[in-house]
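Worksheet for the structure shown next.
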Amino acid sequence: MIGGSQDKKVQPLVVMVGTGLQTMGGISTVVQGYLSAGLFDTTPIKYVRSHSDGTFGEKLKVAVAGYIEFIPLVTQKQVRLVHIHLSSRASFWRKLPFALTSKLARKPYVFHVHGSEFMTFYHEECGAFRKRIVRWAFDHATALIALSPEWAENLKQITRNTNIEVILNRVPVPHQKMSRQDASEAPHILFLGRLGKRKGIYDVLEALVTMRERGTRFRLIAAGDGELEEVETRVRDLGLQDHVSLPGWIDDETRSELLSRAEIFVLPSYAEGLPMSLLEAMAAGLPVIASSVGGIPNAVTNGKEGILIAAGDVPALSDALDTLLSDVTMRREMGNNAYKRAQDQFDVRHSVDQLISLYDQYGKP
């Protein structure tokens, strides 16, 4: 068990189901934030791992083992609530047995919906029968957790369930803003996220070509898993090898180091919930350049904490990067604003308070 539930005398009141805490992706980052902020110390929680990185066989083995572990837990009398983290596609189908078993055991379950492409999954990839299954699972949840007010409205298109709570993604925010010095070398632009079209990495590379032609000094560090080979090929095709580093997926220590050295954070996504990497950048005092999709406008006000652009607008992206790279005062001011907003609204301790309240409200006595 994790946190307060490590003591064998403490029986779990909540069973939380989600991906392994060392797994790549947003859900593990969210749960690690809860862990660091003390949720598992204040509430007896048993965490059940239902997913991991690896081959299909390795993932299947973890999912089956998690479900086998879950069955005797959910039947325990003292368990009040099941908290299920899910995204879309395979994640939903993996978590469905946990919801069905909770229902059979007469234990309330909460779906915490993280998937930025869940509406695409539901509307475009599910046929009539699968849509009925999704609706049934959402309708019978005791509550649904959305990452933003916009996503709460999206969920209302799927379900009749009126118990939809908004709990924003949040991150640990340091008590003091990270100090920065003017870069003696080319200023670093940081991209953190899965490499692929959805996160906008190819648009970033196209924008860098324009900036190079203008004579702008820069270096891009794009860290993440995903289409690493395709991105490397695109970097070579565009002649950006001297300007771009692709370290792949990075650990927490390397991430902190990159955040401390960067001058700008960029994430021109085509679809998002509320990306953890963007919030981590704000907590590190970085100005943000991002697309105005999903919950991002709830975190970034255009012209204050950073610059918002339309998804896919490469000229606007290159102009925004040029603007901040050429104006140290502006990016310092926006970075200060970003840190202040992260402190006020996106410190994970706020989410812990909301979750404890939710467990009290919906947990079965």
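Results, tabulated for the structure shown:
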| quantity | calculated |
| --- | --- |
| Residue in segment 65-79 that is in contact with an Asp or Glu (Cβ under 8 Å, 6 or more places away or on another chain), more than 30 Å from Pro174 (Cβ to Cβ) and of a type in the set (Val, Ile, Thr) present | no |
| Residues satisfying the stated conditions in segment 314-329, i.e. surrounded by 15 or more Cβ atoms within 10 Å (Cβ to Cβ) and touching a residue at least 40 places away in the same chain (Cβ under 8 Å) | Val314, Leu317, Ser318, Leu321, Asp322, Leu324, Leu325 |
| Candidate set from segment 147-178 (those that are within 30 Å of Asn336 (Cα to Cα) and among the polar types (S, T, N, Q)); member that is surrounded by the fewest Cβ atoms within 10 Å (Cβ to Cβ) | Gln176 |
| Only listed residue being assigned by TED's automatic domain parsing to the domain that holds Leu13 and in contact with a Lys or Arg (Cβ under 7 Å, 6 or more places away or on another chain), chosen from Ser357, Ser351 | Ser351 |
| Qualifying residue in segment 205-215 (condition: β-branched (Val, Ile, Thr) and under 14 Å from Leu321 (Cα atoms)) | yes |
| Search result, residues across segment 87-105 that are without any contact (Cβ under 8 Å) to a residue 40 or more places away in the chain, surrounded by fewer than 22 Cβ atoms within 10 Å (Cβ to Cβ) and not charged (D, E, K, R) | Ser88, Ala90, Trp93, Pro97, Leu100, Thr101, Leu104, Ala105 |
| Considering residues of segment 326-342 that are at pLDDT 95 or above and hydrophobic (A, V, I, L, M, F, W, C) only, the residue farthest from Tyr34 (Cα to Cα) | Met330 |
| Flag if Gln345 is of a type outside the set (Phe, Trp, Tyr), modelled with pLDDT under 95 and surrounded by 14 or more Cβ atoms within 10 Å (Cβ to Cβ) | yes |
| Residue within segment 50-57 that is over 22 Å from Val113 (Cα atoms), assigned by TED's automatic domain parsing to the domain that holds Thr101 and either among the hydroxyl-bearing types (Ser, Thr, Tyr) or not in a helix (DSSP H, G or I) (or both) present | yes |
| Test: residue in segment 136-146 that is surrounded by fewer than 22 Cβ atoms within 10 Å (Cβ to Cβ), under 22 Å from the mean Cα position of the chain (by Cα) and more than 18 Å from Asn161 (Cβ to Cβ) | no |
| Single condition Val10 does not satisfy, out of (1) assigned to a loop (DSSP other than H, G, I, E, B); (2) among the β-branched types (Val, Ile, Thr); (3) at pLDDT 90 or above | (3) |
| Selected residue [in the same structural domain as Arg135 (by TED's automatic domain parsing), under 25 Å from the mean Cα position of the chain (by Cα) and either farther than 27 Å from Glu280 by Cα or assigned to a loop (DSSP other than H, G, I, E, B) (or both)] from Leu21, Leu73 | Leu21 |
| From Met334, Met282, residue being more than 30 Å from Leu81 (Cα to Cα) and under 18 Å from the mean Cα position of the chain (by Cα) | Met282 |
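Residues checked against (1) without any contact (Cβ under 8 Å) to a residue 60 or more places away in the chain; (2) farther than 25 Å from His140 by Cβ; (3) of a type in the set (S, T, N, Q):
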residue	(1), (2), (3)
Gln22	yes, yes, yes
Phe40	yes, yes, no
Asp53	yes, yes, no
Lys59	yes, yes, no
Thr75	yes, no, yes
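The values are calculated or read from the model by the stated rules, or taken from the named source; none is laboratory data. All values reported here derive from a predicted model rather than from experimental measurement. Because the Cβ atoms are built from the backbone with ideal geometry, glycine has one as well, and the counts that use them run over all protein chains shown.
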